[in-house]
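To start, the structure under review is shown below, and the notes come after it.
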Number of protein chains: 2
Amino acid sequence: MDVIGVDLGGTKVLAATVDGATVGDRRKRPTPVDGPTAVVAAIAGMVRELGGADRLGIGTPGYVDDEGVVRGAPNLAGWDEPVPLAALVAEATGIAAVAVDNDVNVATMGEVAHGAAAGRPDVLTVFMGTGVGGGLVLGGELRRGPRGLVGEIGHVVVERDGRRCACGGRGHMEAYAGRAAMEAEARRRHAAGEATALVDRAGDRRMKSGTFAKALADRDPVAAEILAEAVDAVGCVVASAVMLVDVPFVVLGGGVVEKLPRLVGDVAAAAAARLDDGLAPEVVAAALGDDAGIVGAAALAASLP
Amino acid sequence: MDVIGVDLGGTKVLAATVDGATVGDRRKRPTPVDGPTAVVAAIAGMVRELGGADRLGIGTPGYVDDEGVVRGAPNLAGWDEPVPLAALVAEATGIAAVAVDNDVNVATMGEVAHGAAAGRPDVLTVFMGTGVGGGLVLGGELRRGPRGLVGEIGHVVVERDGRRCACGGRGHMEAYAGRAAMEAEARRRHAAGEATALVDRAGDRRMKSGTFAKALADRDPVAAEILAEAVDAVGCVVASAVMLVDVPFVVLGGGVVEKLPRLVGDVAAAAAARLDDGLAPEVVAAALGDDAGIVGAAALAASLP
């Protein structure tokens, strides 16, 4: 069975032939900014170049319902209305078996099928990037939820009257632990007169995960404080998830963690400090890195009935 | 099939014959304080008085594992070591089919099988009593978790550096919304010089749920503030649970809610205020009241293979 995995992101589309955890031929294109039709055409073109497949899996931003309809993908230009992505791609490629899920669920599928959580029945994943997303596998099954909301762990509350989140909510974990929120906090402190290597290094450009890693290596106190607060926020939500759904195993990934692997141990310690002895979950680094999206999308397609 | 449900509490043991949601003959005894053997004998005596049964379900405080072994039940005197309650009761009664689960899971089973959440596949229950417990039904299945931790929703964080919880943790929901924590806060404010009808009414006695209801009816400002903080804490955790596991339906129960039914609407509003439009869960009052334990325990027993 030939399977292609597609990782549809806000800036680029990755596609590859995948066999289990092994990635074969790859293709990469910038994400078309003129709406769903152009994106579907780009995916179909890459699939053709890869020689086609029996099954196709796609990870995408936004909420995805059981029929593969994408609703609300703010990172994709022109996707304001619901897009029946699975049906459109099936039509454009001639592949009948097309599976679509949100990017976080797909990355979770990848880690559970072929990565750091292989063989674990109860798993929480947390991916720290521009925002923070996460997935849940309970009793061996990916939890999708009746409204496709699972993945929104970044919007779990850690401080009920705390910092304003980009979504408008108060005190959400992402408001402390997302890269964009950490950058905003660094710039706020810099504007208030605190010197920090973060702004010295980034200037007016986007403050990348690597910038945080370098500033921390420079012993920049602002970077250290911002990251400590991020670690505590993630640890707090991990502890809350343990008490709410009893997950003993956590996979931590995403761009921020790739540049700062020490966060894995730090988050484990922060969660353990908030839990009774014996209840602390095992926290490990995600294993699939940049390939999580395509490997997970292929695993999703392979799991189709 | 004759089924008996048993509700084993810290102060009393209730047992009854149960047919679906209909409770027949009832028995009640004070909970023996001299350890598990006496409790098992009390249950066996009540079962004899009720004429025996084909199946028996028991709800108990503490963590309960898949084999019906009770671990850590601080409300039961002399239960410091693990107690194989299902096996002991089966031996004492001659009933082979004995199911044991913690009291919160059992009450959740009752509400889902025969109460306010009948027919709902994805449900969160929150029971506000001395502490705050809760259960989760996901995809039609009661979530028990590999370590039997589900139910511990009271220890989800709402304020990461907040009030100290009875368990030792920081800023847990129960530290704001449990009756015992609310009483402690009322007495702290009274000791600090604030007049409150709560202490006037309760004196040195335990501050019951009804005392909070009466003080609120008296427009006591301290009672109003303490309850507003409790409502916000529960609403906050409900919103977090929506983002973490996507539950669209919440059952709110327990002694505090029975005396203050307006909390149902208040918690619904507090959760909705923290969620995007369209994501607010439906929040309803528990329907089984004091019978939730015995009806749920019987439902648990009836669900045995």
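The values are calculated or read from the model by the stated rules, or taken from the named source; none is laboratory data. Note that this is a predicted model, so its numbers are computed, not measured. Methodologically, a virtual Cβ is constructed for each residue, glycine included, from the backbone with ideal geometry; neighbour enumeration extends over all protein chains shown.
Numerical summary
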quantity	calculated
Filter pass, B:Leu304 being part of a loop (DSSP other than H, G, I, E, B), away from every other protein chain (no Cβ under 14 Å), among the hydrophobic types (A, V, I, L, M, F, W, C) and touching a residue at least 60 places away in the same chain (Cβ under 8 Å)	yes
Cβ pairs under 9 Å, 6+ apart, first in the stretch A:19-42 and outside any helix (DSSP H, G or I), second hydroxyl-bearing (Ser, Thr, Tyr) and surrounded by 15 or more Cβ atoms within 10 Å (Cβ to Cβ)	A:Val23/A:Thr17; A:Gly24/A:Thr17; A:Asp25/A:Thr17; A:Arg26/A:Thr17
Residue check, A:Gly94 over 19 Å from the mean Cα position of the chain (by Cα), more than 30 Å from A:Ala230 (Cα to Cα) and not hydrophobic (A, V, I, L, M, F, W, C)	yes
Condition met for A:Ala230 (touching a Leu at 6+ places or on another chain (Cβ under 6 Å), modelled with pLDDT of 95 or more and not polar (S, T, N, Q))	no
Condition check for B:Ala87: at pLDDT 95 or above, surrounded by fewer than 17 Cβ atoms within 10 Å (Cβ to Cβ), closer than 30 Å to B:Val39 by Cβ and more than 14 Å from the chain's Cα centre (by Cα)	yes
Condition met for A:Arg120 (crowded, with 20+ Cβ neighbours inside 10 Å, of a type in the set (D, E, K, R) and either assigned to a loop (DSSP other than H, G, I, E, B) or not assigned by TED's automatic domain parsing to the domain that holds A:Ala213 (or both))	no
Of all residues making up the stretch B:262-301, the number that are among the small types (Gly, Ala, Ser) and within 14 Å of another protein chain (Cβ to nearest Cβ)	6
Matching residues in the stretch B:134-167 - criterion: being crowded, with 20+ Cβ neighbours inside 10 Å, over 20 Å from the mean Cα position of the chain (by Cα) and of a type in the set (Asp, Glu)	B:Glu159
Segments classed as helices (runs of 4 or more DSSP H), wholly inside the stretch A:168-261, with at least 3 members that are basic (Lys, Arg) and either more than 14 Å from chain B (Cβ to nearest Cβ) or surrounded by fewer than 22 Cβ atoms within 10 Å (Cβ to Cβ) (or both)	A:179-191
All positions within the stretch B:135-153 that are more than 8 Å from chain A (Cβ to nearest Cβ) and within 24 Å of B:Val231 (Cα to Cα)	B:Gly135, B:Val137, B:Gly151
Residue count for the stretch B:95-126, restricted to those that are of a type outside the set (S, T, N, Q), more than 10 Å from chain A (Cβ to nearest Cβ) and within 15 Å of A:Met243 (Cα to Cα)	2
Given (1) touching a residue at least 60 places away in the same chain (Cβ under 8 Å); (2) within 20 Å of B:Ala302 (Cβ to Cβ), index of the condition B:Leu85 fails	(1)
